[in-house]
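For reference, the structure discussed in these notes is given below.
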Amino acid sequence: FQGGDTCEYLLSSGRFLGEKVWQPHSCMMHKYKNSEAKNCLIDKHIVFIGDSRIRQLFYSFIKLINPQVKEEGNKHGNIPFEDKSSSIKVDFLWYPEVNGSMRQRIKSWTEGSVAKPHIIVVGAATWSIKIHNGSNEALAQYKINITSIAPLLEKLAKSSDVYWVLQDPVYEDMLSESRKMITNEKIDAYNEAAVRILNSSSRNSKAKVKVFSVSKLIAQETIMKSADGLHLPESSRDTNAMILMNVYCNKIMKPIDGSCCQPQPPLTLIQKMAFCFFTLSIIGYLIISLIHRNNYRKNKSCTDLESGEEKKPSISTPNVSTLEMLLHSFCKLGLIMTYFYLCDRANLFMKENKFYTHSSFFIPIVYILVLGVFYTENTKETKVLNREQTDEWKGWMQLVILIYHISGASTFLPVYMHIRVLVAAYLFQTGYGHFSYFWIKGDFGVYRVCQVLFRLNFLVVVLCIVMDRPYQFYYFVPLVTVWFMIIYATLAIWPQIVQKKANGNCLWHFGLLLKLICLLTCIYFLSYSQGTFEKIFSFWPLSKCFELNGNVYEWWFRWKLDRYVVFHGMLFAFIYLALQKRQMISEGKGDPLFSNRVSNILLFISVVSFLTYSIWASSCKNKTECNELHPSVSVVQILAFVLIRNIPGYVRSVYSSFFAWFGKISLELFICQYHIWLAADTKGILVLIPGYPMFNVLVSTFIFVCVAHEISQITNDLAQIVVPKDNSTLLKRLLCIGGFFSGLHLFSAIQDQSRH
């Protein structure tokens, strides 16, 4: 870690990812939209001073504000631009040489009460080289002129943002005869003079002229695509304009995926309280550990004075108290949360933008699939969707989703559509698993509900506090939580219909189907009534959980995207369990699920359905249109996979322990990736080891998986303490949890008020 300002890195260093994506060193660059640029530059005056190269940068910059602008007007004259809707003024002033005229113009802004521009971008040299035929006298005069201008620019830098653009290299082979004297050697001499003279009188001052040298690096890679050997291609100058926008606007707009030039966010009141809590937990655990250690040493060996024999201590381990287990869990969690904060809130580790290539996605996919096959074992039971098989399913899906996120594959629509099916498959399992439990066990007690809710939400609640993010930000957990409550309500509401009751009277099966039809009707109504949906979730306190950026639209979009798949999972569980009860399927080891003929027909239909969906998803041209169809058709590929995986007896009786291991911590993996594997809330990639991308991914992945596994263990330990089986104790704990969230809401309100 070298420290330093990420603004300096943004202005001076970086590399290309592919041909057009510029990656600044150590930080992420946001791609500004027109509306964002206008909001940032409202009531601002920006001035570009220089030659034709600066004029190019001027046009690229104003196109970020208004893409309809055409490059018209006097090429060797001043060009004004104004956006009246946002009161933005951007002027280009034609001063192709650093001379007395340029000095006079800059001096006019330093005198009296003249309104100073908010941003000044200056640069010139090639005309001096051209007019004076590259003479040394011209270079000497350039040094004198820039020496006289430098103090004025430094004075302006106290109240405005001043940038000196270094000269880009030229492609000498393409230069016309009249420009042959402009050589890269001469350009380097002029740039060296500018860097040496600028800020020479204010080296220890914060107000400095910012040297825009990154343009040189960009030009070195792209100048050979220039039309005349002198001027940059359009894509390169657009990159320069975007860098300029990031340097000025990131500290104002604070985009999540624009970490360059953003200061570290201050700790909120709730974050400070969380820090104090974890610190006290660590201290408390250390004190208890020291006390136990001293007691152990005293009792380790006691000599029998009469016989002189040493008594061996008891082999059995002492019982760990509830308080000690609680403090131990919070101690570990505190250390882990510190790592989370350092990775994604403190400006300690580097962050980089994602860049998608087919190889970066498909090669790791093939690798993990081959690896998974090597860990094939026999299942303990051979039922459809048995525990090992569902863990395996969750595991390989989670690994594919992780690779999808880190490779930035969402930009490739066919991959995006298949990943949407994997997310839907998780929800399908939610419907299948919870319906099966309630239908078979008939356990609608508070203990079961609290256990599930705690295991689903514990990590997310802690992250909301530590990382200062709303609950809805971790969208998948709210989604699964709400669907669990919907499944519970559907089955728990009178009349409670469970398998034991239905076995006594077949009419209860129709009663349950009626319940499911009512559920489907409600889902259908809410999906086409956005207003009603938003009203329901805009009521306090639901609004505190489901709002993101001041509204619940994001929540509605996420819910609507997979609205039917949980119902499909419940319906599949009902049909499967009914067939199983009537012994219409064979689940013996090695036996096909149905008769050979029926099994072969179903397998053929499943394979065709699976491939048909993949062909359709791969031919998608419009994400919006495909998302509209996705809720209705995603179940086709999910059911096809379930049948392919379960109809053949051999396939059903084996599983991959490698994938199953990841499946057991799939929820923790999904949530932890936000901050300690990816970065900037999933928008970028965390860089622990700069300069070695593969080694960095290996190290960060190892830490990430270990942390996810540890958090899973902590959650299981705390679930036993926080959610006891005794109803009276559980009620007291629920009152405490209610008090905790009430206090959290109060402090959140105080925090919001202080921000405003």
Conditions (1) closer than 28 Å to Val723 by Cβ; (2) part of a loop (DSSP other than H, G, I, E, B): number failed by Phe435: (2)
Any residue in the stretch 214-227 that's at positive phi: show its pairings with residues that are in a helix (DSSP H, G or I) at Cβ separation under 7 Å, as long as the two are six or more apart or on different chains. none
For residues in the stretch 340-377 being under 20 Å from the mean Cα position of the chain (by Cα) and of a type in the set (Asp, Glu), which is nearest to Ala409 (Cα to Cα)? Glu352
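If you check Lys155 against the conditions, is it open to solvent by less than 70 Å² (accessible area, probe 1.4 Å) and part of a helix (DSSP H, G or I)? It would help to see each step written out before you state the result.
Values: open to solvent by less than 70 Å² (accessible area, probe 1.4 Å): no; part of a helix (DSSP H, G or I): yes.
For Lys155, the condition - open to solvent by less than 70 Å² (accessible area, probe 1.4 Å) and part of a helix (DSSP H, G or I) - is not met.
For the stretch 580-601, which residues satisfy the criterion of being closer than 18 Å to Ala640 by Cβ, of a type outside the set (Phe, Trp, Tyr) and either surrounded by fewer than 17 Cβ atoms within 10 Å (Cβ to Cβ) or touching a helix residue (DSSP H, G or I) at 6+ places or on another chain (Cβ under 8 Å) (or both)?
Correct list: Ile585, Pro592, Leu593, Val598, Asn600, Ile601.
Run down Ile486, Ile419 and say which single residue is open to solvent by less than 30 Å² (accessible area, probe 1.4 Å) and in a helix (DSSP H, G or I). Explain how you work it out, then say what you get.
Numbers: Ile486 fails: open to solvent by less than 30 Å² (accessible area, probe 1.4 Å).
Going through Ile486, Ile419 in turn, the sole match is Ile419.
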Evaluate the stretch 382-395: report whether one residue or more is at pLDDT 95 or above, hydroxyl-bearing (Ser, Thr, Tyr) and under 20 Å from the mean Cα position of the chain (by Cα). no
Let me confirm something: among Ile42, Ile65, which residue is among the aliphatic types (A, V, I, L, M), loosely packed, with under 14 Cβ neighbours inside 10 Å, over 16 Å from Trp94 (Cβ atoms) and modelled with pLDDT of 95 or more? Ile42
Take the residues in the stretch 521-553 that are surrounded by 16 or more Cβ atoms within 10 Å (Cβ to Cβ), of a type in the set (A, V, I, L, M) and not in a loop (DSSP other than H, G, I, E, B); name whichever of them is modelled with the highest pLDDT. Ile523
Just to check your reading of the model, which residue among Asn145, Asn199 is touching a residue at least 40 places away in the same chain (Cβ under 8 Å), at positive phi and open to solvent by less than 60 Å² (accessible area, probe 1.4 Å)? Asn199
Can you tell me how many residues in the stretch 247-304 are aliphatic (A, V, I, L, M), open to solvent by less than 30 Å² (accessible area, probe 1.4 Å) and within 24 Å of Leu548 (Cβ to Cβ)? 2
Name every residue in the stretch 380-402 that is open to solvent by 20 Å² or more (accessible area, probe 1.4 Å) and either more than 16 Å from Tyr426 (Cα to Cα) or touching a Leu at 6+ places or on another chain (Cβ under 8 Å) (or both), in order of residue number. Lys380, Glu381, Thr382, Lys383, Trp396
Any residue in the stretch 165-186 that's assigned by the TED database to the domain that holds Leu217 and aromatic (Phe, Trp, Tyr): show its pairings with residues that are buried (at least 17 other Cβ atoms within 10 Å of the Cβ) and part of a loop (DSSP other than H, G, I, E, B) at Cβ separation under 9 Å, as long as the two are six or more apart or on different chains. Tyr171/Ser226; Tyr171/Gly229; Tyr171/Leu230
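Take the conditions out of contact with any Gly (no Cβ under 9 Å at 6 or more places or on another chain) and in a loop (DSSP other than H, G, I, E, B) and apply them to Val400. Does it pass? Outline the logic, then answer.
Details: out of contact with any Gly (no Cβ under 9 Å at 6 or more places or on another chain): yes; in a loop (DSSP other than H, G, I, E, B): no.
No, not satisfied.
The values are calculated or read from the model by the stated rules, or taken from the named source; none is laboratory data. Predicted, not measured: the structure shown is a model, and the values here were computed from it. Reconstructed Cβ throughout: ideal geometry from the backbone, glycine too, with neighbour counts over all protein chains shown. SASA here: full protein model, heavy atoms, side chains in, ligands and nucleic acids out. Shrake-Rupley method; radii C 1.70, N 1.55, O 1.52, S 1.80 Å.
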